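The values are calculated or read from the model by the stated rules, or taken from the named source; none is laboratory data. Given the structure is predicted, the values throughout are model-derived calculations rather than measurements. Quick reminder, even Gly has a Cβ in these numbers, built from the backbone with ideal geometry, and neighbours come from all protein chains shown. Ligands, DNA and RNA are stripped out before the accessible areas are found, and what is left, the full protein with its side chains, is counted by its heavy atoms. Shrake-Rupley method; radii C 1.70, N 1.55, O 1.52, S 1.80 Å.
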Amino acid sequence: SSSSSSSSSSSSIESLGDSEYVVSGTGFEYYCIPFHECKKAQDPKRKRNTKGGTVLMGGGSDVDAAFKWQLSRADGGDFLVLRESGTDAYNEYIYAFGGARTVSTLILNSRDAGDDPSVLRYVQEAEAIFFAGGDQSKYVDRIAGTALEAELEASRMVRNVSIGGTSAGCAIQGDYIYTGQYGSAVSSEALGNPYGEFINGSLVPRMTFVDDQLRRQIVVTDTHFKVRDRMGRLVVFLARVQNKYDGYIPYDTDVRGIGVDQETALLIGNDGVATVVGDGTAYMCTLKGSDDERVCSTLEPLTIGNAVTCERLAGRSFDDPEAKDLDTFDLNVWKGSGLTYTFKVEDGEIRDGNPYGKDDLLKESDFMEKNV
């Protein structure tokens, strides 16, 4: 997206052949294609006709339909991928779909990037923004409290730009974020001790660019969901956010969890209505407040008196002409067209129902990656 010179005196520019425009600066790297468009400054008088929205992608192979959806809402503009490490591999993949003036990758190597004028301009000029996978704790460290966080908020709230993310990039889209900064919690261990070493200190409040619907419903997101058997840990995250001794929210408030399978994405429009695309499933769960039977404390297995209620939404191919009835979900009323089911948690174990909705849904192959 952008311009031919950097506003930061620390930045230097280099081009790779005819195809890619590259800027490296203090704390960041920027890669943009195609070179001839990236070198042109955007017309400051250009009127945007972007449509906002949110993409929650569950990791694994990318879901083409989700990127096409964001491109369709970007008004032919500039698509920006944000990363905390990695390469510019998304550029060619997204540009090949067509419909973008440029596609660029901005790698945030340190917190210094969050206040760099060039970095802020790349975000200001983007018509669609997507966070790659990686380490969500690094995203929080490098964005929260910087000018970049405020600019991302303006992208959503003022410029009506869609913001998405996969894996770690999805984990940072909730009202509370599980950072995993001390290691990744496993469901069985989390249920056995909700105050274990991989959870304590790892639930932090949202960043300011979160979707308003996810903020109002007090949502925690999780990814790689069924294949890594993460329902148990998501329930623990919700119980911790709701626990009166932790002081996150009023104890009588309902909290919500969204778990997204790999190769699957939840597309949330500005109206709060979501559609699931891809090969897997999204799980929309509720943990009710005011629970007198709750046991959620250090070194004690979790017990929840109220049943956990989830709705399971099946993904389909966005491009499949046969798939006329995509599962949808209205976040305003927290209800959709999927299968609703319940289960309970007693003494650190899920009981009285299948955590993923159907007995025949779970096969041994589903859990081959669960400890990854």
Problem set entry | Number of positions in the stretch 239-248 that are of a type in the set (Gly, Ala, Ser) and open to solvent by 10 Å² or more (accessible area, probe 1.4 Å) | 1
For this session: Filter the stretch 239-268 down to residues that are aliphatic (A, V, I, L, M) and in a loop (DSSP other than H, G, I, E, B), then give me how many there are.
Result: 1
Problem set entry | Single residue of the stretch 115-131 satisfying the filter (more than 18 Å from the chain's Cα centre (by Cα) and free of Cβ contacts under 8 Å to residues at least 60 places away in the same chain) that is farthest from Ile163 (Cα to Cα) | Asp115
For this session: For the stretch 250-262, name all the residues that are buried (at least 18 other Cβ atoms within 10 Å of the Cβ) and at pLDDT below 95.
Result: none
Problem set entry | Pairs where the first residue, in the stretch 138-151, is among the acidic types (Asp, Glu) and the second is at pLDDT 95 or above, C-beta under 6 Å, 6+ apart | Glu149/Ile143; Glu149/Met207; Glu149/Thr208; Glu151/Leu120; Glu151/Val123
Exercise. Which helices (runs of 4 or more DSSP H) sit wholly inside the stretch 158-238 and have at least 1 residues that are surrounded by 24 or more Cβ atoms within 10 Å (Cβ to Cβ)?
Worked result: 168-171, 187-192
Seminar exercise, completed: The correct count of residues that are hydroxyl-bearing (Ser, Thr, Tyr) and open to solvent by less than 10 Å² (accessible area, probe 1.4 Å) in the stretch 263-309 is 2
For this session: Any residue in the stretch 87-112 that's touching a residue at least 60 places away in the same chain (Cβ under 8 Å): show its pairings with residues that are β-branched (Val, Ile, Thr) and part of a loop (DSSP other than H, G, I, E, B) at Cβ separation under 8 Å, as long as the two are six or more apart or on different chains.
Result: Thr105/Thr87; Ser110/Thr26; Arg111/Thr146; Asp112/Thr26
For this session: Evaluate the stretch 55-71: report whether one residue or more is touching a Lys or Arg at 6+ places or on another chain (Cβ under 8 Å), touching a residue at least 24 places away in the same chain (Cβ under 8 Å) and buried (at least 16 other Cβ atoms within 10 Å of the Cβ).
Result: no
Exercise. Would you pick out the residues in the stretch 34-52 that are within 28 Å of the chain's Cα centre (by Cα) and among the small types (Gly, Ala, Ser)?
Worked result: Gly52
Exercise. So which residues in the stretch 124-144 are in contact with a helix residue (DSSP H, G or I) (Cβ under 7 Å, 6 or more places away or on another chain), in a loop (DSSP other than H, G, I, E, B), on the phi < 0 side of the Ramachandran plot and open to solvent by 10 Å² or more (accessible area, probe 1.4 Å), if there are any at all?
Worked result: Gly133, Asp135
For this session: Filter the stretch 16-53 for residues that are modelled with pLDDT under 95, open to solvent by less than 10 Å² (accessible area, probe 1.4 Å) and under 30 Å from Gly269 (Cα atoms) and give the result.
Result: Cys38
Seminar exercise, completed: Given (1) open to solvent by less than 40 Å² (accessible area, probe 1.4 Å); (2) within 27 Å of Gln262 (Cβ to Cβ), Ala147 misses just (2)
